[in-house]
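Asks: Following this message is one structure expressed as structure tokens.
The values are calculated or read from the model by the stated rules, or taken from the named source; none is laboratory data. This structure is a prediction, so every number in the text was calculated from the model and none was measured. Here the Cβ positions follow ideal geometry from the backbone for every residue, glycine too, while neighbour counts run over all protein chains shown. Calculation scope for accessible area: heavy atoms of the full protein, side chains included, ligands and nucleic acids excluded. Shrake-Rupley method; radii C 1.70, N 1.55, O 1.52, S 1.80 Å.
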Amino acid sequence: MDKFHGMTKDVPPLLSVPSPPSTSSDDTKIMLKAKQIMTRVTDNLDHTIIMDKDKISNKHKMNTVNRKKATIGIFGKSGEGKSSLLSAILGKKNLLPSGCFGACTSVVTQVEANLNDSNYTAEIELITKEEWEKELNDLLIVLSDENEDRNEDLIEIAGEKITALYGADADKKTLEELKNDDKYAEIENIHKENPKKIFKSDVSEFATDVARYIQNSEACCGDWYWPIVKSVTIKIPDCLELLEHIVLVDIPGTGDCNKTRDDLWKSKLRECSSVWIVSNINRAITDRDPWGILKHCIEDLGPGGECRSINFICTKTDEINPVAFMRAARLTEDQISDEKKKISTDNDFLKVFTVSSNASFDTSLNLESIETEIPKLQDELRSLNKSINRELTRNYVYEAKGVLSLIQSVQLDTDKKTAEMKDSIRMELESNLVKVLHELDKYFDSIYNDLEQHLSKGVEESVQLCVASTKAFIMPVTYNTLEALCRKGGCHCTKNRDKVLDLNKTLVKHLYEYIDEDFCQIFPVNEKTEKSVQAQIDKFSIMQSDSAYARSSIFHYIHNFIKTEETKLKALFKRHTVDMKKDIYSSIKKTTVNEMASCYERKLEFK
């Protein structure tokens, strides 16, 4: 439970650290904190008395709030048409090699706009040489398993990775035999160039070069480097209207045996503000895999993330019955509603698109552009891009207003009477700050106590049921699958990503059950609640309309300047709050994973 104290640490200057009910000592600390903050806030006003307008402008450059790009995560298996879909949306045929999105790996692949030049670029980050050597050794152990009940999925994955890199029949060689092969030395040389960068002006040449790092070919083994790739960032020119502030990220699955790659996948998952589930219409009604993976990740997208919407996209089609799909996925209306609540309270959170990527390029298929529904998805990106641009512009103009107000307040600060009024205003603002800090203290005490109480109940139930939960989990599992699960730190998924086994998640499910309702109230993804942190921050202000100096000109300009500073800090705190709540929510499972690591290692010693 100590991790929950993280909710009160490293917060922006406007907030004091939550504490037990206030004492006289606490009041003194808040007063000192208020004076420190007010000194910083009014410091600029003090300096401007002897500064001219140009110096003020230089001191207060138009710094808009540093905003991360919006991340759209894309779920779907290889062969579902994801690469064609994205090529169609970006209007560049064969932009991405087949299998780029949804390759048979856990490589994180993202596409964004090239904001610097007209080249197609790729930055390929590799796992380290040491990591690959350890993984290779594990893969060879899997291949050497000759038990009758051995896990065929694991064997297929191991063989796929080794032959992709070292060529046909490499999966039948020992480690020493592989090390004596020229391919082994070649892979070592590739590791020296990390990250690998590709720059091409021609889209076809670019797609061909990138394919070696993100694509697999069973017909032509060797020289496919995806097993040693951690992530690939592709940047596309001439698409600012769609991707200037947006990143499209492949969500290929979980449970990869390489921990660094799996950790990166999970961190990207938590950044997703939207999710696209892509499925071929021929399998959309019977294929439960994408939705199954989504259900497994729902905590990382909702309470542990920031997902606000889900789009279900059927490729190679012009019609689908969404209700039929939900039924085929064996999800009841109540189940759908429950999962939805974990992500959003917005009734429009799930949309269905039926697209034909090929028809957007091939007019012989007799479909109008609008009928392909590619324009609708382009509009989704365009609309999101515009909204971010509007927000950035609004921030820029608002900050400019604050700087101008600061300049004008200096022009009025010409006599002793005005200087005295400024001192009086400062004292009033200090008093206001003490009051609002007290209110925030009470709020943080309240939510901390609620979470602590519910978490304690969850701990108690988890302790009582841990043995029964573990037995129920492992009884249906084969020995080899259990061994694979232990080798991967408690989480294992099948080759097709259609089933995820996560013992760590099973062990902590009661903890989450007890805090989820409160957590979603305190840190809602979309709409604010009365209990939410963001609602409290939005209410925070040291400027009061009933001020004794409200009618004075200097108060008007100081008011505008401080409101601008407050708005900037609130925007920064909103981003900080989202990041903080992700850390808080994931800390339960992270702690469990760390504590269980030695248990899994000890289990591997037994055969």
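Asks: What accessible area per residue comes out for the stretch 500-577, rounded to a whole number of Å², with a 1.4 Å probe?
Replies: 47 Å²
Asks: Pull out a ≥ b ≥ c, the square roots of the eigenvalues of the alpha-carbon gyration tensor of the stretch 432-498, then state rounded if a/c is under 1.5, prolate if not and a/b is larger than b/c, and oblate in the remaining case.
Replies: Judged from the Cα gyration tensor, the stretch 432-498 comes out prolate (a/c at least 1.5, a/b above b/c).
Asks: Here's another thing I want to ask about it. Cα-based Rg (one decimal) and Dmax (whole number) for the stretch 390-492, in Å?
Replies: 29.7, 85
Asks: Here are some pairs, LYS197/LYS570; LYS376/LYS488; LYS351/LYS509; LYS93/LYS268; which of them have Cα atoms lying more than 31 Å apart in this structure?
Replies: Distance filter (> 31 Å) returns LYS197/LYS570; LYS376/LYS488.
Asks: Right, another one. In the full protein assembly as shown, how much of SER587 is accessible to a 1.4 Å probe, in Å² to the nearest 10?
Replies: Counting only protein heavy atoms, SER587 exposes about 10 Å² to solvent.
Asks: Given a Förster distance of 51 angstrom, what is the FRET efficiency for VAL397 paired with ASN94, based on the Cβ-Cβ distance and rounded to 0.05?
Replies: The formula returns an efficiency of 0.75 here.
Asks: If you don't mind, another one. Counting pairwise Cα distances across the stretch 460-607, what percent come out greater than 27 angstrom?
Replies: Distances greater than 27 Å cover 49 percent of the Cα pairs.
Asks: With a 1.4 Å probe and all protein chains left in place, how much of the accessible area of the stretch 548-594 comes from carbon and sulfur atoms, in whole percent?
Replies: 54 percent
Asks: Whole number in Å², please: accessible area per residue of the stretch 169-209, 1.4 Å probe, ligands, DNA and RNA not counted.
Replies: Normalised by residue count, the accessible surface of the stretch 169-209 is 66 Å².
Asks: Go through LYS92/LYS386; LYS134/LYS192; LYS69/LYS590; LYS192/LYS505 and tell me which ones have a Cα-Cα distance over 29 Å in this structure.
Replies: LYS192/LYS505
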